[in-house]
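Reading through the structure tokens given below for one structure.
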Amino acid sequence: MAHTPRLFFGIALPETLQQELVHWRAAQFTAEAGKPVAAANLHLTLAFLGDVSAEKSQQLQRLAARIQQPAFNLHLDDAGHWPRPGVVWLGCRQAPRGLLQLAALLRSQAARSGCYQSPLPFHPHITLLRGAHQPVAVPPRGFHWSCVIEHFHLFASEQTQGRTRYRSLAQWPLLS
Ligand code: 2AM
């Protein structure tokens, strides 16, 4: 049977920022709060695609390559806890227009290509902890990181020896 990888469009964070976030997270949360996402896996999902055939992946990549959207500044200055999925996240108080437009485009292309898209509103976030189903003290506002986002990626979510790894299959530039 052909293997259909689990794919999503997303934004990669610079390695220096991933490291900074990991140090901040270690200072903010106890081990009981949840399972920390590995530094290299800290990312922001734009559109989740699910298990996608090679044909559909090619089609989505052709569409992605035609996207002409501006680069944007990502300000990470908000955090929260979603107890049901057990996610503690980092996000933006005001999401940049460029980010929302890019995600909307990718999500509508995915939907038209037959990839189920959640009816829930898009809430851009970086998952910091998983398995956080108990109440968690969310750090008070006052933290702030920012970075310029000049590319977006197609990632494959891969499991090896019980570990998840997000591998970039392709990337496209945003307009500067
Ligand atoms: P999460 O971090 O909020 O769990 C790879 O799994 C990425 O795709 C993660 O960022 C994850 O979001 C997101 N993802 C996984 N399953 C999803 C789904 N069914 N709908 C939307 N996003 C999903």
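The values are calculated or read from the model by the stated rules, or taken from the named source; none is laboratory data. From a predicted model like this one, the values you see are computed outputs, not experimental measurements. Note: ideal-geometry Cβ built from the backbone for every residue, glycine included; neighbour counts use all protein chains shown. Just the protein is used for accessible areas: all its heavy atoms, side chains included, with ligands, DNA and RNA removed. Shrake-Rupley method; radii C 1.70, N 1.55, O 1.52, S 1.80 Å.
In the list R141, R93, which residue meets the criterion of being at pLDDT below 95 and either more than 12 Å from the ligand (Cβ to nearest atom) or more than 29 Å from S176 (Cα to Cα) (or both)?
The match here is R141.
Out of everything in the range 75-86 that is within 14 Å of the ligand (Cβ to nearest atom) and in contact with a Gly (Cβ under 8 Å, 6 or more places away or on another chain), what residue ends up being nearest to F48 (Cα to Cα)?
Per the stated criteria, the residue is G86.
Scan the range 148-155 and tell me whether some residue there is more than 10 Å from the ligand (Cβ to nearest atom) and either of a type in the set (D, E) or under 27 Å from E32 (Cβ atoms) (or both).
yes
Report, by residue number, each residue of the range 134-149 that is surrounded by 14 or more Cβ atoms within 10 Å (Cβ to Cβ) and under 23 Å from N73 (Cα atoms).
P139, F143, W145, C147, I149
Being open to solvent by less than 40 Å² (accessible area, probe 1.4 Å), more than 17 Å from Y116 (Cα to Cα) and not aliphatic (A, V, I, L, M) narrows it down to one of H3, H43, so name that one.
H43 is the lone residue from the list that is open to solvent by less than 40 Å² (accessible area, probe 1.4 Å), more than 17 Å from Y116 (Cα to Cα) and not aliphatic (A, V, I, L, M).
Return only the number of the condition from (1) of a type outside the set (V, I, T); (2) more than 16 Å from the ligand (Cβ to nearest atom); (3) more than 23 Å from W145 (Cα to Cα); (4) in contact (Cβ under 8 Å) with a residue 60 or more places away in the chain that F72 does not satisfy.
The failed condition is (3).
Which of (1) within 17 Å of the chain's Cα centre (by Cα); (2) more than 27 Å from Q117 (Cβ to Cβ) does A33 not meet, given it meets every other one?
Result: A33 fails condition (1) only.
In the range 96-121, what residues are more than 15 Å from the ligand (Cβ to nearest atom), under 30 Å from P139 (Cα atoms) and either of a type outside the set (A, V, I, L, M, F, W, C) or open to solvent by 30 Å² or more (accessible area, probe 1.4 Å) (or both)?
P96, R97, G98, L100, Q101, listed by residue number.
Could you check, for the range 33-53, whether at least one of its residues is over 25 Å from G142 (Cβ atoms) and away from the ligand (no atom under 16 Å from the Cβ)?
yes
In the range 21-35, which residues are in contact with a Lys or Arg (Cβ under 8 Å, 6 or more places away or on another chain) and either in a helix (DSSP H, G or I) or surrounded by 18 or more Cβ atoms within 10 Å (Cβ to Cβ) (or both)?
G34
Please give the number of the condition E20 fails out of (1) in contact (Cβ under 8 Å) with a residue 40 or more places away in the chain; (2) away from the ligand (no atom under 15 Å from the Cβ); (3) touching a helix residue (DSSP H, G or I) at 6+ places or on another chain (Cβ under 8 Å).
(3)
If only one of Q68, Q18 is more than 24 Å from A132 (Cα to Cα) and either open to solvent by 20 Å² or more (accessible area, probe 1.4 Å) or part of a helix (DSSP H, G or I) (or both), which one is it?
Sole residue among the options that is more than 24 Å from A132 (Cα to Cα) and either open to solvent by 20 Å² or more (accessible area, probe 1.4 Å) or part of a helix (DSSP H, G or I) (or both): Q68.
Give all pairs with beta carbons closer than 6 Å in which a residue from the range 115-143 that is in contact (Cβ under 8 Å) with a residue 12 or more places away in the chain meets a residue that is hydroxyl-bearing (S, T, Y) and more than 8 Å from the ligand (Cβ to nearest atom); count only pairs at least 6 apart in sequence or on separate chains.
Taking only residues 6 or more apart or on different chains, not a single pair turns up.
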